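Encoded as structure tokens, the structure appears first; notes follow it.
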Amino acid sequence: MRTFQLIKVKAHTPFERGFQYGEQAREKIIAEIEDYRVLFGETSSMSWEEIKGYALKYVPLAEKLVPDVMEEARGISEGAGVGIADIMVLNTRYEITKFPKPNECTSFSVLPQASREKKTYVGQNWDYRAGILDNIVMVHIEEPNGTRIFGLAEAGQVIRNGFNSFGIGLCANNLQSINDTWGIGIPVTFLRRKVLSSKSFNEAYKLLTEAPRSVSCNFMLASAEGKAVDIETYPLGTDAIEPVEGIITHANHFTVKNDISVNESSPRGDRLYELLKENHGEIDIAHIKKCLSDHKNYPQALCRHPSDVSIRLGRRGITVAGVIYDLKESTAYVCAGPPCEGEFIAYKLKNDVEV
């Protein structure tokens, strides 16, 4: 059974936290850098040195607006023994891989009124490339103020989706608009990491809606107190989508301002809503797992597999992970690879990084 490496981090400073992460994930980080060097050699008109130069342009703004996250990235660099430019490439790969457009992920929130045990769930199928499967890590962080965070990332990235001990959960999926550019904003991975240190739903919402950005992204935000919202963000704007009967789902196209969407409409978001709604009032972990394993509309199904044999395996689309965060019980359920093939393993958020 495939599982992801668990990284346990507890330190007094952001740099030390990053250093611990980098040391533990060194081999995967080096492999991930090489994977992107090969990928961009195949897909980008820029050289690897030019790509690293572009990624470094994000540093001044990050140092100004999210200095703690930037220090964590520097720590990852030092701990893994690789250059900060390489780590910045990993953390801006979302921005770089926007051109050409990708289709990544389907996210959801389920509120107490729709669940069996009156819980709040947030999660997603993380769809990307088969080439990163062996380089995904789970990270459990304890910050000096006692905040505990659990989430997933490509090795070398700061956490990209997860939840914390204040009951804040965040997932995300790709959006691309006609306004997306090669400009500079807060890297999406850095923004996600910052949100996961939030102590309240309102604090997290403010960060997501007010962050300067050069590209679009969809954020699924929820809290244990029974709140959830989906936020479609794009350069110079955001739109909020509220739950319908206690459920929100989203895929890879704009639903509020569809006229700015570059990605074609995907049936995955509507399909996931339809499946979840079948058990309205009785939704539990078992039902969510079943929904995330759905193959209707294959090969563009919720549970995706590397079907495009015209390209090498490492570039083929696949569900690299299924995640469900139970915000009431502070428990993550993580499946490595397509949910139809793997097992969702429970990871409890605890003090002293005892997972």
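Would you mind stating whether residue 106 is under 19 Å from residue 316 (Cα atoms), of a type in the set (Ser, Thr, Tyr) and either surrounded by 24 or more Cβ atoms within 10 Å (Cβ to Cβ) or modelled with pLDDT under 95 (or both)?
Values: under 19 Å from residue 316 (Cα atoms): yes; of a type in the set (Ser, Thr, Tyr): yes; either surrounded by 24 or more Cβ atoms within 10 Å (Cβ to Cβ) or modelled with pLDDT under 95 (or both): yes.
It is true that residue 106 is under 19 Å from residue 316 (Cα atoms), of a type in the set (Ser, Thr, Tyr) and either surrounded by 24 or more Cβ atoms within 10 Å (Cβ to Cβ) or modelled with pLDDT under 95 (or both).
Restricting to region 119-133, what's the tally of residues that are in contact with a helix residue (DSSP H, G or I) (Cβ under 8 Å, 6 or more places away or on another chain) and among the charged types (D, E, K, R)? Outline the logic, then answer.
Start the filter on region 119-133 by keeping residues that are in contact with a helix residue (DSSP H, G or I) (Cβ under 8 Å, 6 or more places away or on another chain), which leaves 119-121, 123, 125, 129-132.
Of the ones still in play, those that are also among the charged types (D, E, K, R) are 119, 129.
Qualifying residue count, region 119-133: 2.
Among the residues making up region 276-297, those that are farther than 16 Å from residue 320 by Cα and either surrounded by fewer than 20 Cβ atoms within 10 Å (Cβ to Cβ) or small (Gly, Ala, Ser) (or both) are 277, 278, 279, 280, 281, 282, 284, 286, 287, 290, 296, 297.
Has region 155-170 got at least one residue that is in contact (Cβ under 8 Å) with a residue 60 or more places away in the chain, aromatic (Phe, Trp, Tyr) and more than 21 Å from residue 348 (Cβ to Cβ)? Scanning region 155-170 turns up no residue that is in contact (Cβ under 8 Å) with a residue 60 or more places away in the chain, aromatic (Phe, Trp, Tyr) and more than 21 Å from residue 348 (Cβ to Cβ). Out of curiosity, is residue 302 of a type in the set (A, V, I, L, M) and either part of a loop (DSSP other than H, G, I, E, B) or surrounded by fewer than 20 Cβ atoms within 10 Å (Cβ to Cβ) (or both)? Criteria met by residue 302. Is it the case that some residue within region 258-265 is at pLDDT below 95 and of a type in the set (D, E, K, R)? Yes, region 258-265 contains at least one residue that is at pLDDT below 95 and of a type in the set (D, E, K, R).
Quick check, is residue 42 of a type outside the set (Gly, Ala, Ser), modelled with pLDDT under 95, part of a helix (DSSP H, G or I) and surrounded by fewer than 20 Cβ atoms within 10 Å (Cβ to Cβ)?
Details: of a type outside the set (Gly, Ala, Ser): yes; modelled with pLDDT under 95: yes; part of a helix (DSSP H, G or I): yes; surrounded by fewer than 20 Cβ atoms within 10 Å (Cβ to Cβ): yes.
For residue 42, the condition - of a type outside the set (Gly, Ala, Ser), modelled with pLDDT under 95, part of a helix (DSSP H, G or I) and surrounded by fewer than 20 Cβ atoms within 10 Å (Cβ to Cβ) - is met.
In the set (1) among the aliphatic types (A, V, I, L, M); (2) farther than 19 Å from residue 208 by Cα; (3) at pLDDT 95 or above, residue 248 fails one condition alone, (2). Scanning region 241-268 for residues that are free of Cβ contacts under 8 Å to residues at least 12 places away in the same chain and either touching a strand residue (DSSP E or B) at 6+ places or on another chain (Cβ under 6 Å) or within 20 Å of residue 301 (Cα to Cα) (or both) gives a single hit, 264.
Among the residues making up region 57-103, those that are among the hydroxyl-bearing types (Ser, Thr, Tyr) and in a helix (DSSP H, G or I) are 77, 94.
Being of a type in the set (Phe, Trp, Tyr) and modelled with pLDDT under 95 is the requirement here; does residue 298 meet it? Full working, then the answer.
Numbers: of a type in the set (Phe, Trp, Tyr): yes; modelled with pLDDT under 95: yes.
When the stated conditions are applied, residue 298 passes them.
Out of region 181-205, which residues are part of a loop (DSSP other than H, G, I, E, B) and not hydroxyl-bearing (Ser, Thr, Tyr)?
Step one: list which residues in region 181-205 are part of a loop (DSSP other than H, G, I, E, B), which gives 181-187, 196-200.
Hits for region 181-205 are 182, 183, 184, 185, 186, 187, 196, 199.
For every residue, the table says whether it meets (1) in contact with a Ser or Thr (Cβ under 8 Å, 6 or more places away or on another chain); (2) surrounded by fewer than 24 Cβ atoms within 10 Å (Cβ to Cβ).
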position: 151; (1), (2): no, no
position: 165; (1), (2): yes, yes
position: 168; (1), (2): yes, no
position: 173; (1), (2): yes, no
position: 183; (1), (2): yes, yes
position: 187; (1), (2): yes, no
position: 191; (1), (2): no, no
position: 197; (1), (2): yes, yes
position: 202; (1), (2): no, yes
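The one condition from (1) outside any strand (DSSP E or B); (2) in contact with a Leu (Cβ under 9 Å, 6 or more places away or on another chain); (3) under 30 Å from residue 12 (Cβ atoms) that residue 131 does not meet is (3).
The values are calculated or read from the model by the stated rules, or taken from the named source; none is laboratory data. The shown structure was predicted, so the numbers you read here are calculated from the model rather than taken from an experiment. Cβ sites come from the backbone with ideal geometry, for glycine too, and all protein chains shown count toward neighbours.
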